[in-house]
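Engineer: My questions all concern the structure below.
Each reported figure results from applying straightforward, stated rules to the coordinates on display, with no laboratory input. Not measured: the values here are computed from a predicted model. When we count neighbours, we look across all protein chains shown, and the Cβ atoms used for this are built from the backbone with ideal geometry, even at glycine.
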Amino acid sequence: MEEKRVILGIDPGTIFTGYGVISIEKNQPVLDNFGYIDLSKIEDTYEKLSKIYFRTKYLIETYKPKELAVEAPFFGKNVQSMLKLGRAQGVVIAAALSENLEIFEYSPRKIKMSVTGNGAASKEQVAMFLKNILKFDEIPEKLDATDGLAAAVCHFYQSKNIDGGKGYSSWKDFINKNPGRIK
């Protein structure tokens, strides 16, 4: 029996770190869990990083993914914010490396493009597409959760194309080969 493919997606942040776990069944993504790590009440930077690291390890030990899809920090004007996000991403990657996961990094634009077809989509649009793709009931209050989930779904779609997935000759062809993705 083939081992179940599980992907962990994480959107690192220093106030909220979003995560999502999907399994692949019959070549389609299925929701296992998603949520966020609330760091808003923690003032100490190193305590935040520790919580991100150990929560990531917990998710890996619980769901047994072999792949981590992590959102790369976007390049902004605020250097301090970039450094903080880079540290958060670093501890996520360190946790994944300690468990021998394959690591894949995607830009926010690539993730949005993979999930919605629009690299400039809003967080709300991403959440709505994911709700339709993965059939969950309610969009969470904190969209960091769906951002982490989007990283996992993005990786699934990207790996389908990398691993000999079918190319698409038209938009109609794409829709026909991805039932349930577009409503």
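Engineer: Assign unit charges at the C-beta atoms only (+1 for Lys and Arg, -1 for Asp and Glu), then state the dipole size of the range 4-130 relative to its Cα centre in Debye, rounded to the nearest 20.
Structural biologist: That gives a dipole near 200 debye.
Engineer: Can you give the alpha-carbon Rg of the range 1-67 over 2.2 N^0.38 Å, where N counts its residues?
Structural biologist: So the range 1-67 has a normalised radius of gyration of 1.26.
Engineer: Please give the net charge around Tyr19, taking every other residue with its beta carbon less than 10 angstrom from that of Tyr19, where Lys and Arg add +1 and Asp and Glu add -1.
Structural biologist: It works out to a net charge of -2.
Engineer: Over the range 5-177, what relative contact order in percent results from Cα pairs under 8 Å that are six or more residues apart?
Structural biologist: 30
Engineer: Taking 0.36 nm per intervening residue step and subtracting the Cα-Cα distance, what contour gain separates Lys51 from Ser107 on full extension?
Structural biologist: 17.8 nm
Engineer: Now for a different question. What spacing in nm lies between the two simple spin-label points modelled at Glu138 and Thr62, each 7 Å away from Cα in the Cβ direction?
Structural biologist: My value for the distance between the label points is 1.8 nm.
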